[in-house]
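Peer 1: Have a look at the structure that comes next, please.
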Amino acid sequence: MCGATRGGPSVEGIDVAKETVIQGIVVRDGEPVSSGYARLLDEGGDFTAEVPLSATGQFRFFARPGTWTVRALVPGASGERKVFAQQGEPVDTQVEVAA
Amino acid sequence: MSREKALVDASWVEANSGDPKVVLVEVDEDVSAYDKGHIPGAVRLDWKSELQDPVIRDFVNKEQFEKLLSSKGIANDDTVVLYGGNNNWFAAYAYWYFSLYGHADVRLLDGGRKKWELDGRELTADVPTRAATTYTASEPRTDIRAFREEVIAAIGDKALVDVRSPDEFSGRLLAPAHLPQEQSQRAGHIPTAKNIPWAKTAREDGTFRSNDELTALYGEAGVDLSRDIIAYCRIGERSAHTWFALHELLDLPNVKNYDGSWTEYGSLVGVPIEKGA
């Protein structure tokens, strides 16, 4: 379900052993989206955090172990993906958006 | 203040785009967002390098604020429209500063940068030039800012609103989930505080919920809106957003922002802390 695609930003400089990282890339028709937002929703679907996507469609969150949903909003489209995060093992996911 | 006065929408901004007395100001958590594109005519404020004192933990003083606004070309009688990413998180923080230093006409663009961008409206990389002004700030207001002694005394007395995420409130995280986990010495929340995460006041597109929805949100969480209210978060910016919702949109007079927030309170020696939901 998750961690299949290595698309997120480099974890260089991050203490990955200590942090619970959820990161990845947002794509539309297979191509990275250059403008938009990634939102992190908790197990109950409540908003926890939001970051703008990088010019190459990437995002990163520091969370806690558990089940989360990454929801992507881009002009004219949205999409989401459920991920399971663990401390010490960054989740690297891909979220596809469609109109 | 009222909702009609404090909030403007995109069509208002477009209709007033040629007015030199209307100044758009972008304030982002990610200060590089402005370089990638901003609303035509907007100037940038850097919440960290320009709104914080470089040495002590405090925000800029009256003279620094005057110098800053003068250099940005903002005059006392200008209408300042603030906007930014992440539901106007840092733009609301700047709004609180402008209010604190007595700017007469300051507003937020509802939905901020996100809605503007998602709606496919124009962004530009052109940086406008505005002639410097001689800005005069008022003495900082104390009726909208809470300090630690007042917060400690408020336990069990005033309504404390903790606007952080449930994980930060319960003590499982020390910082918002998109930032590295660091800062205060202890995790948890101020006893008697109710947890209403700041972003619950906004819809997915970043616009504020209606006044009826806002009243219901705080009522259901057990906050008595007729009492004095102090809002706090980690460093005082998310709670400035909640302050805006309560003080400006719902027009409640007795609302303060505790900008010392959890990074101060959670590092104080000997103060009571509660953990858990």
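Peer 1: Return yes or no: is B:Tyr218 free of Cβ contacts under 8 Å to residues at least 60 places away in the same chain, assigned by TED's automatic domain parsing to the domain that holds B:Gly156 and buried (at least 23 other Cβ atoms within 10 Å of the Cβ)?
Peer 2: yes
Peer 1: Give the residues of the range A:66-88 that are in contact (Cβ under 8 Å) with a residue 60 or more places away in the chain and assigned to a strand (DSSP E or B), sorted by residue number.
Peer 2: A:Arg81, A:Lys82, A:Val83, A:Phe84, A:Ala85, A:Gln86
Peer 1: Tell me the strands (runs of 3 or more DSSP E) entirely within the range A:19-65 that contain at least 1 residues that are touching a residue at least 40 places away in the same chain (Cβ under 8 Å).
Peer 2: A:20-28, A:37-41, A:58-63
Peer 1: Given the criterion among the β-branched types (Val, Ile, Thr) and farther than 21 Å from B:Pro176 by Cα, identify the matching residue among A:Val21, A:Val51, A:Val70, A:Val27.
Peer 2: Going through A:Val21, A:Val51, A:Val70, A:Val27 in turn, the sole match is A:Val27.
Peer 1: While we're looking at this one, here's another question. Can you work out which of the residues in the range B:59-73 that are out of contact with any Phe, Trp or Tyr (no Cβ under 6 Å at 6 or more places or on another chain) and polar (S, T, N, Q) is nearest to the other protein chains (Cβ to nearest Cβ)?
Peer 2: Per the stated criteria, the residue is B:Ser71.
Peer 1: Another question, then. Here is a check on your reading of the model: is B:Ala137 crowded, with 16+ Cβ neighbours inside 10 Å, at negative phi and not in a helix (DSSP H, G or I)?
Peer 2: yes
Peer 1: Moving on. Pull up the range A:43-65, narrow it to residues that are more than 22 Å from A:Val27 (Cβ to Cβ) and charged (D, E, K, R), then point me to the one that is surrounded by the most Cβ atoms within 10 Å (Cβ to Cβ).
Peer 2: If we take residues in the range A:43-65 being more than 22 Å from A:Val27 (Cβ to Cβ) and charged (D, E, K, R), then A:Arg64 is surrounded by the most Cβ atoms within 10 Å (Cβ to Cβ).
Peer 1: Let me ask another. If you take the residues of the range B:74-89 that are more than 14 Å from chain A (Cβ to nearest Cβ) and part of a strand (DSSP E or B), which of them is surrounded by the fewest Cβ atoms within 10 Å (Cβ to Cβ)?
Peer 2: That would be B:Thr79.
Peer 1: Suppose we filter B:Ser267, B:Ser261 for residues that are under 22 Å from B:Gly85 (Cβ atoms) and of a type in the set (Ser, Thr, Tyr); which single one remains?
Peer 2: Selected residue: B:Ser261, the only one of B:Ser267, B:Ser261 that is under 22 Å from B:Gly85 (Cβ atoms) and of a type in the set (Ser, Thr, Tyr).
Peer 1: Now, a different point. In the set B:Asp30, B:Asp19, B:Asp58, which member is surrounded by fewer than 17 Cβ atoms within 10 Å (Cβ to Cβ), acidic (Asp, Glu) and at pLDDT 95 or above?
Peer 2: B:Asp19
Peer 1: Only one of B:Leu160, B:Leu100 is at pLDDT 95 or above and either assigned by TED's automatic domain parsing to the domain that holds B:Ser32 or charged (D, E, K, R) (or both). Can you tell me which?
Peer 2: Going through B:Leu160, B:Leu100 in turn, the sole match is B:Leu100.
Peer 1: Still on this structure, please answer the following. Just for the range B:159-168: of the residues that are under 19 Å from the mean Cα position of the chain (by Cα) and within 14 Å of another protein chain (Cβ to nearest Cβ), which one is surrounded by the fewest Cβ atoms within 10 Å (Cβ to Cβ)?
Peer 2: B:Arg164
Peer 1: Within the range B:150-158, identify whether any single residue is in contact with a Ser or Thr (Cβ under 8 Å, 6 or more places away or on another chain), more than 10 Å from chain A (Cβ to nearest Cβ), part of a loop (DSSP other than H, G, I, E, B) and in contact (Cβ under 8 Å) with a residue 40 or more places away in the chain, and answer yes or no.
Peer 2: yes
Peer 1: Determine which member of the set B:Leu123, B:Leu174 is of a type in the set (A, V, I, L, M), more than 30 Å from A:Gln86 (Cβ to Cβ), modelled with pLDDT under 95 and over 19 Å from the mean Cα position of the chain (by Cα).
Peer 2: B:Leu123
Peer 1: Right, next: Would you say B:Ala92 is touching a helix residue (DSSP H, G or I) at 6+ places or on another chain (Cβ under 8 Å) and buried (at least 17 other Cβ atoms within 10 Å of the Cβ)?
Peer 2: Considered against the rule, which asks whether it is touching a helix residue (DSSP H, G or I) at 6+ places or on another chain (Cβ under 8 Å) and buried (at least 17 other Cβ atoms within 10 Å of the Cβ), B:Ala92 comes out as yes.
Peer 1: Only one residue in B:Leu100, B:Leu109 is in contact with a strand residue (DSSP E or B) (Cβ under 9 Å, 6 or more places away or on another chain), in contact (Cβ under 8 Å) with a residue 24 or more places away in the chain and over 15 Å from B:Ala33 (Cβ atoms), so which one is that?
Peer 2: B:Leu100
The values are calculated or read from the model by the stated rules, or taken from the named source; none is laboratory data. Note that the coordinates shown come from a computational prediction; the quantities given were computed from them, not determined experimentally. Every residue, glycine among them, receives a Cβ derived from its backbone with ideal geometry; neighbour counts consider all protein chains shown.
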